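Colleague: Sharing a structure with you now.
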Amino acid sequence: MSRECELTGTKPMVGNRVSHSQIKTKRIFRPNLVRVTLHSEALNQNFPMRITASTLRTVDKLGGLDGFLAKAKDDTLPAKALKIKRDIAKKAVA
C-alpha cells in the first residue's frame, strides 16, 4: 500500500535533517494519511479512501466530495478520483 493521497496525489518528499552543528542527513517527510469514507451526494455512494488530513479539511470546506472534485483540475487528480469525478458528471447530465 503506497503512502499517497487518493484525492490529491500527495506523496512523500525527501529533505535534510539538520543538526545544531549543521550536519545534514537525509530524511523523509511523509504525508499525514487518514482512512475515511467520503459520501457522494450525486451518486448516493460511499467511497473509502486514504487521504491527507489537509485534504480532508479542504473537502469539508468545499462542501463534501462532490464540491471538491468539481473545483479540482483534471490533470492534478489521480486515476481513482478522476473516475469518480467523471461518474458524477455523467450523473449530472442524465
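Coordinate-derived values only; no laboratory data. Computed from a prediction, not measured in an experiment: that's the story for all the values here. Note that we place each Cβ from the backbone using ideal geometry, even for glycine, and neighbour counts take in every protein chain shown.
Colleague: Tally the residues that are more than 19 Å from Ala79 (Cβ to Cβ) and in contact with a strand residue (DSSP E or B) (Cβ under 7 Å, 6 or more places away or on another chain), restricting the search to the range 23-34.
Modeller: Total satisfying the criteria: 8.
Colleague: Additional query: Filter the range 18-27 down to the residues that are closer than 23 Å to Ser2 by Cβ and either exposed (fewer than 10 other Cβ atoms within 10 Å of the Cβ) or touching a residue at least 40 places away in the same chain (Cβ under 8 Å) (or both) and list them by number.
Modeller: Lys26
Colleague: If you go through the range 34-79 one residue at a time, how many are touching a residue at least 24 places away in the same chain (Cβ under 8 Å), in a strand (DSSP E or B) and over 11 Å from Cys5 (Cβ atoms)?
Modeller: 4
Colleague: Something else now. Give the number of residues within the range 37-63 that are touching a strand residue (DSSP E or B) at 6+ places or on another chain (Cβ under 9 Å) and surrounded by fewer than 16 Cβ atoms within 10 Å (Cβ to Cβ).
Modeller: 6
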